[in-house]
Amino acid sequence: MASWQEIDRIRKDPKRFRALAERLLAFIQELTDWERDFLSSIMAQGDKEEFTTRQSEKLLQIRDDYETVMELPGKFSVKIVLRDCKEGRLELLDHDEAWILQLITISETTIRRKHVGRLMRCARQVHAIEEEYAD
């Protein structure tokens, strides 16, 4: 989930806002009709000087739902953290263990941005990441 600072920063930067909307629209094939319409409407607002907080939240939510990352906060490699979580999965709750195994079947090197927080939590539970480096 995007932070308040990121939401506020992007809503005040219409050029960057539209660039993100354009990139999402161009490269993500599995967008819903509503998401595609929303991103298209952003592109049509070329003269807008500032977007609303709600528009920023939705734009960043779409980004988080679809974009993948290879690196976690603190410069941790997704590949290494997933491997460590798999090795220590017996320390996780059953649903987290199943989730880690499912993630690995999808990709061993990337995860969707929206899953970063949960992976970080699991990594702390299996001691793959120490608390002071987790944020």
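The values are calculated or read from the model by the stated rules, or taken from the named source; none is laboratory data. Being a predicted model, the structure only gives us computed values, none of them experimental. Backbone-built Cβ (ideal geometry, glycine too); neighbour counts: all protein chains shown.
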Candidates Glu97, Glu35, Glu57 - the one that is outside any loop (DSSP other than H, G, I, E, B) and either free of Cβ contacts under 8 Å to residues at least 24 places away in the same chain or in contact with a Ser or Thr (Cβ under 7 Å, 6 or more places away or on another chain) (or both): Glu97
Restricting to region 51-71, name every residue that is within 17 Å of Ala2 (Cβ to Cβ) and exposed (fewer than 13 other Cβ atoms within 10 Å of the Cβ). Thr52, Thr53, Arg54
Test Lys75 against the stated conditions and say whether it is within 30 Å of Glu35 (Cα to Cα) and either assigned by TED's automatic domain parsing to the domain that holds Ser41 or surrounded by fewer than 16 Cβ atoms within 10 Å (Cβ to Cβ) (or both). no
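Taking the conditions exactly as written (within 25 Å of Ser3 (Cβ to Cβ) and part of a helix (DSSP H, G or I)), does Arg83 satisfy them or not?
For Arg83, the condition - within 25 Å of Ser3 (Cβ to Cβ) and part of a helix (DSSP H, G or I) - is not met.
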For residues that are out of contact with any helix residue (DSSP H, G or I) (no Cβ under 9 Å at 6 or more places or on another chain) and of a type in the set (Val, Ile, Thr), scanning just region 63-110, find the one that is nearest to Arg18 (Cα to Cα). Ile106
Looking at region 103-113, is at least one residue within 27 Å of Ser3 (Cα to Cα), assigned to a helix (DSSP H, G or I) and either assigned by TED's automatic domain parsing to the domain that holds Leu59 or in contact with a Phe, Trp or Tyr (Cβ under 9 Å, 6 or more places away or on another chain) (or both)? yes
When residues of region 3-30 are limited to those that are out of contact with any Lys or Arg (no Cβ under 8 Å at 6 or more places or on another chain) and either polar (S, T, N, Q) or surrounded by 17 or more Cβ atoms within 10 Å (Cβ to Cβ) (or both), the one farthest from Gly46 (Cα to Cα): Ser3
